[in-house]
Structure formats: C-alpha cells, structure tokens
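Nothing in this text is a laboratory measurement; each read-out follows from the coordinates by a stated rule. Fair warning: this is a prediction, and the values are worked out from it, not measured in the lab. Glycine also receives a Cβ, built like all others from the backbone with ideal geometry; neighbour counts cover every protein chain displayed.
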Amino acid sequence: MATFLYKLGRLAFRRRHFVALIWVALLTLAGVGAASAPAAGPTSFSIPGTEAQKAFDLLEQRFPGASADGATGRIVFKAPDGEKMTDADNKATVAKTVKELGDGSEVVSVTDPFTTNAVSKDGTVAYTSVRYDAPGMELADSTKDALEAAGDEARATGLTVDIGGDALQAASEPGAVGEIVGIAIAAVVLVITLGSLVAAGLPLLTAIIGVGIGVSTIAALANALDLGDTTSTLALMIGLAVGIDYALFIVSRYRGELAEGRDREDAAGRATGTAGSAVVFAGLTVVIALAGLAVVNVPMLTKMGLAAAGTVVVAVLIALTMIPALLGYAGKRVRPTGEKRRTRGGDKAEEAAQSGQSGKSDAPQQKAKPGLGVRWASFVIRRPAVVLLLGVVGLGAIAVPATQLELGLPDDGSQPTSTTQRRAYDLLSEGFGPGFNGPLMIVVDAKNSDDPKAAATTVTDQIKGLKDVVTVTPAAFNKAGDTATITVIPNSKPSSTQTEDLVHAIRDEGAGVKADTGAEVLVTGTTAMNIDFSQKLNDALVPYLALVVGLAFLLLIVVFRSILVPLKAALGFLLSVLAALGAVVAVFQWGWLSGLIGVEETGPIMSMMPIFMVGVVFGLAMDYEVFLVTRMREAYVHGESPSQAVVTGFQHSARVVAAAAVIMMAVFGGFITSGESMIKMIGFGLAIAVFFDAFVVRMAIVPAVLALLGKKAWWLPKWLDRALPNVDIEGEGLRTEDDPRKAGDVDPDDDRELVRA
C-alpha cells in the first residue's frame, strides 16, 4: 500500500498539470450535468415491510384517482374576540375563500367547514381542507401563491388566518451563513497549523473541488434516482469535513518530510505513501459506515448513505492525487515543519557570532520546550488510571439523558413559531384538541369478508371503545365496495407515547376482527408512518451496529496488527456516540441551553438520528484512531517502549488531529444555523460527537488505556499475524538505512527503483 501510494504521489507531483486538468475536467463535467439535468421532483418516502406502507399501497390500488400522495392545505380561521365563526360576516368570508380555492387547476377538492362539522365546539375556530392532485414539492408556484393569497384576503377582514399542511412545503435551505463561518474557522485553523496561507489553502481548495464534484453529481442524478435535498446536504457536510482533514494530514506529513531534508518530490511521495495510507483506511471506515445504512432497508436513508459515501471516495482520491500535484505548484512556498523556529534561532546565533559571543559563552544552551501534545501525553502515562476514570465517568454522565430518548419525525408542531404552519398547528390544537393534527387512517380490506359493511361497522365500534379516542368517522367505501377508510382522531398529540399506544391497540383489535370476519385492518397516515419508521430504525440499530463495527474491527486488526487496540477503538466510539446522543436529548428534547442554538420547540428526537449518528460518527472516530495510533505503532515497531511510543505519537500527530477535529466541528457546527430542524439537529449532534471522540476518547482515554496495557496492547496471535496481509500503513517499505534519494544518487524520475523494507 505505502509503496504504491508513494509512486502515485511522486507521479502526481511530476505530472501536476495533467492531474489538475483531470480534476478540473471532472468538476466541469459534473457542473454541466447538474445544470442541464431536469429539476428534481418530490422525493418519495416509503418504509418497505411496515403496516403503514402496506395500507398506503392498498389505498393507491383500491382508490384510483384519489391522489393518495397529493398535497393537502389546511386554512385555519379564528374569529376575533367576542365573535364566532358562525356569525354571518365570518361565514361569508369563509364561503368566499372556499370558492376561490376551488377554482385552482390542481385542486381535487375543497371542504366547507360548516357542512363538514369542521368548527370547534365554542365556535371560535374553523378550518377548510384543500386537496391537490400532486405532492407539495410538485405543486406549481401559481397554486401555492393562490393558496397564500386566499389566506391574505380572509385575514384582511379581521380574522386570524394561518395555513398548515404540506401544500406550502418548500425545499430546505441549509444555513449558508453558518457554512461560510464554519469554512472561515477551518481556514484560520489551517493557517495556524500549517504556518502559511499557501499551505492552508491547499486543503480548502481540494475539499471544495471534491465537494463540488460530489454535490453536482448528486444534483445531476437527483431526478433519475429520486434524491432529496437532505441527500446533498449530508454529502456537503461530510465531504467538506473529511476533504479538509484528509488533505491536512498529507500536507502536514509533507512538511515533516521536508524537515528531514528530503527533496520536494520525494517528500510528496513519502507523505502520500505514509499519511496517504492512513487516509485510505480512514476513508474506508467512513465508507463502510455510510454504505452500511442500506441494511436498514429504508430507501431514503440508503440513498443518503451511498451518496455521502461516494463523496468521501472522491475526497480520498483527490487528497491522494491533487494534493501532491498542488504541492508541486506551491514549491518553496510550503515550508518544512519548524522552519520559522530554526530561522529565528539561526538569526540569533548569527547575531551572537557577530558580537563575538558565539561559541565562547559558558551559558548552557536552552533545550527546546516540549510541545503541548508531548506534555499532555507524558501527564497521561504518569496517571493513566485517573485519566481513564475521569474520561469514562464524565462521558457516562453526559450519556445519561440518552436513556430517556423519545423518537419521532418533525411535523408542523416542531416548526418555528414565526411560521404560518406552526401557528395553524397551534390553532387546530386549541380549537379541536392536540390529536387533531395527527389523525389516524384505518383501512379495512374486506375483499375476503362475506359482509364488508358489517366488518367495517365492527371495526368502528371496537375503536370507539378504546382509550384515548376522541372521534371516529363513519366508514367510507370505494366504488367496488370491498375496501373502506375510517378516520380516527386521538386525544393526544401526534408525537406522544399515548398516540403510539393507541396505534398498537387498534392493530391488536384488528387481529381479532380478521379472525372473526376475514377483513384485514391496517393503520396508516402520517402519524402511523412515523411510528412504524421509528420502530423499524430501532429494530435495525443492533444489526447495523454489529455489521459496521464488525467490519471495521477486522479492518483495524489488519491496520494495527493487534486485537486490543481495535477493541479499545470500538468501545471508545460507543462511549462517545452515547454521550453525543445524551447531549442531543438534553438540548432538543429537554430544552437545556436550547436558546443558544435557536431551538424554538423541543420534542422527540428525529427517528433516524441514533442510527445516523452511529454510522457517521463511527467513521469519523476511526479517522482519529488511525491517524493518531498509527504513529504510535510506527514508533513502537522501531524499538521504542510502549509508553515512549505514545509520547512520540502525540509529538507527531496530536497537533494535526486536534486541528482536524476543530475543523470538523466548525463545518458541522455551521449547519446549526439551518432553519430546517433535522439539519440543525444533525449538525449539533455531529459537532458535539466529534468533540467528545477526538478530545476525550482519542486524546485522553486512548493513551491512558495504551499506557495501562503496555506491550499487551500490540499482542497478536502468531497464526493470525501470518494469515493477515501486510498493508504496510506505516511506510516500512519506504525506509532504508541510507536513503539513496536523499543522497541524490538515484534518478528521482525512476519510479521503478524502490527502497528495500
């Protein structure tokens, strides 16, 4: 591996014009494809294998033309204080609104609240429902404008009017300002870490090109593959973070190779062969974690994972090829590590010599002060048990809120209070009860029943007797008379555990109805879909975790040639992801410090958050593990004691790993400014998870464990050692006792001449 990447790095350095041209061409091609591709339609949301999805599919078959996936708009009216919606003037306003809405070309139906019993008991709130023949994302702008205009006209008469439903649904837009701030912070960190604007600009440039290729490709394929806006947002988030970090590791290693006296081409090759090997394996763990989301069998989640994994592959390839090429362009503007320090020291020595003091002073020479990483590592190996205990107990305490995790999907109730959707949601809850915003649709498949109407009546009567039921509408049959729908209004809000219990109770009753009448009872609707989605993700979490952690564990055994080091890496990841989930629950569910990041409404955690965080955070956690511990292993296999190897690893890698973590936190943190609650939650969760994993687990717990284990940390059974392939991630194959390339007696253009192991 190291030898191949060494050749690749030197080749890219020499053929820099060709490499740069290839990547620019790919970026242009992806951009043209994105610009010329048809606009992406609405993304379909399906949950194969669930009862709610089965009922939804049955509705499309048995009620043709009913537009089961069509958008719904709900205009909610509230009378001024002292008036009622049944007053003549208010009724006239509502009637006019209903008439105007019915003239729309995409409108299927409009209800009159005074004939459909859609007026609250106290008469102050009423609503009209508008059903369209296309999903919200497909509705024409003129249709949405007409809906808003009808609301504005009614509002002008003195009524309080707000619009809910998904008819006004628009594509989510991430917080652009936050992204810019995140990239700006990353730029500052790069300048501090690498010591020059040119060196800092290289990771930013390659990351932007890589993300541009990835996101443009997603946009080009969005319509054909049914990719949503969240897919490109995730690819942007992950691609920026890993793209900057991977390039940073290679540039930092290049500067270190220059400091050892190597020529620039050889330094680029060796940086690619050593740090590049770590990049390949770190990227592979991220790809495994993201692609592994396919085991959940939720198409939307699978597409998100595969798209983000593809962007990570691009980030790895561009770091391995374009970074060496850009280093060739940069030339002497990228300086060796510590050059400024050596230059300042040389200047002082020269001044002393000119004043006659050089070489004659009896004052002892001052030793270079150890870096912060070395001092911290030395502290940890002196007190490993204390550091380990504090780290584990601290993260464990933060993880406690995760035991109260409640899952759900965002609805209008989680929108900011400034939106008309949220105000409409609150008005409906006020006038009709909290469960009105989450009606359940019961589908009675009576095709195999002798008396379909009697079966539907039995279902209706049994549901009315259940706890937490407010209203049950009469059964409505299709034209064939073999399928009926019944609407049930719960007494609790859609995201409550009481509503979830009601769904399960109806399904239990349905099993008895099928045994007695032959009719199958299915529960669907948005609320039921959310419940089934959460359950499906919960059921898939353990198999997914076993698959991803298992594959990565085997991969890390190959990388580190150890059993305990990969085991420690996996356990540390579990600790950091549980702590991150605890922090997410505390902020987004309990409301702790929620005002600091603009969380206006607390509630259940997004259903996909746990499994999503497991996938993404595991990949990123293994990044830090690979980059930090490979330098420790490199020192250990070259004769250093286990404790000294830990210090050496920190000396070479701690600064860069810390910078990489800060960069990831800045990039992820930028998405906290998004107005989309799901994106905000993902950004916060990933940022806090990176903090816990990089600075607590990898920087404290890992060296403490290695110090306690000593030589046992690097133990591997001999039979397994012989069976494993030698991937040479430390670049052992590039070492010689007397480096001919450094001595200048080998043609640097001859890639066939490889140094012996």
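Rounded to the nearest 500, the helix-only mean residue ellipticity at 222 nm of the chain stands at -20500 deg cm²/dmol, with each DSSP H run of n ≥ 4 adding -39,500 (n - 2.57). The Stokes-Einstein estimate for the chain, based on a Kirkwood radius over Cα pairs and taken at 25 °C with 0.890 mPa s viscosity, is a diffusion coefficient of 84 µm²/s. Taking 0.36 nm per residue of sequence separation and removing the Cα-Cα distance, the Ser641/Ile180 pair yields an extension gain of 161.5 nm.
Name the shape class, rounded, prolate or oblate, that the alpha-carbon gyration tensor gives for region 528-677, where a ≥ b ≥ c are the square roots of its eigenvalues, rounded holds for a/c under 1.5, and otherwise prolate holds if a/b is larger than b/c and oblate otherwise. Taking the square roots of the gyration eigenvalues as a ≥ b ≥ c, region 528-677 is oblate. Rounded to the nearest 20 debye, the dipole size of the chain about its Cα centre is 3760 debye, using +1 on the Cβ of Lys and Arg and -1 on the Cβ of Asp and Glu. Rg/Rh for region 72-165 (Cα atoms only, Rh after Kirkwood) is 0.96. Treating r as the C-beta distance of Gln651 and Asp501 and R0 as 45 Å, the FRET efficiency rounds to 0.20. Sorting the Cα pairs of region 418-530 by distance into bins of 10 Å, from 0 upward, gives 15, 45, 27, 11, 2, 0 percent per bin. State the answer as a single residue: which of Ala79, Thr116, Thr97 lies farthest towards the positive end of the charge dipole of region 72-165, with beta carbon charges of +1 for Lys and Arg and -1 for Asp and Glu, about the Cα centre. Going by the charge dipole, the pick is Thr116. Using only side-chain charges placed at the Cβ, +1 for Lys and Arg and -1 for Asp and Glu, the dipole size of region 72-165 relative to its Cα centre rounds to 360 debye.
Sparsely packed loop sites in region 241-284 (the GluC sites (Glu not before Pro) outside DSSP H, G, I, E and B with at most 13 other Cβ atoms within 10 Å) comprise Glu260. For the listed residue pairs Lys91/Lys467; Lys54/Lys303; Lys7/Lys303; Lys303/Lys568; Lys54/Lys447, the alpha carbons are over 27 angstrom apart in Lys91/Lys467; Lys7/Lys303; Lys303/Lys568.
If you wrap the Cα atoms of region 104-263 in a convex hull and average its projected area over all directions, you get 15.3 nm². Cβ crowding within 10 Å ranks Met678, Met322, Met237 as Met678, Met322, Met237, fewest other Cβ atoms first. Exposure proxy ranking for Leu440, Leu571, based on other Cβ atoms within 10 angstrom of each Cβ and starting from the fewest, stands as Leu571, Leu440.
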